């Protein structure tokens, strides 16, 4: 992905689909969610979270304006900071292909610097492909 003028490459992304427990009383935990996490060569951590009312996750566009959908980038540099899509109205994650083994797609939009060091950054040409597993 490109984040402003920097290019970030991540290795070995993994995806986990969390299946809700039917006994769960907390309404915040009563929906399926998928988390995709990857690490760059210098320790940056990139995480997507997608939510859906019910399984299965299907190809399509997931906007961060919908509850449960987000992206976070925690950088591990001299001026470490965390960027998030929270409160962004211009960020989306698209699933192009998903099956029982893998998920792939793209992402784009604006991320906010929650530490206040650099302000908003534009993310372009983001793409991912990850193996997925399911847990309850």
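Which of the following values of semi-axes √(5λ) of the Cα gyration tensor in Å was calculated from the structure shown: (i) 80, 33, 12; (ii) 41, 21, 11; (iii) 25, 16, 14?
(iii)
In nm, to one decimal, how far is the modelled label at residue 120 from the one at residue 47, with both set 7 Å along Cα→Cβ?
For residue 120 paired with residue 47, the spin-label model returns 2.4 nm.
Once you have a ≥ b ≥ c as the square roots of the Cα gyration tensor eigenvalues for region 61-136, tell me rounded if a/c is under 1.5, and otherwise prolate or oblate according to whether a/b is larger than b/c. Present the calculation step by step, with values, prior to reporting the outcome.
On the way: a/c = 2.05, a/b = 1.69, b/c = 1.22.
Prolate, because a/c is 1.5 or more and a/b exceeds b/c.
Springs between alpha-carbon atoms under 10 Å, Gaussian network over the chain: tell me which of 53, 102, 86 tops the mean-square fluctuations.
Checking each option, the largest mean-square fluctuation is seen for 53.
We did not get these values from a lab; they are worked out from the coordinates using the rules stated. Small disclaimer: the values here were computed from a predicted structure and weren't measured. Don't worry about glycine lacking a Cβ; one is built from the backbone with ideal geometry, like all the others, and counts go over all protein chains shown.
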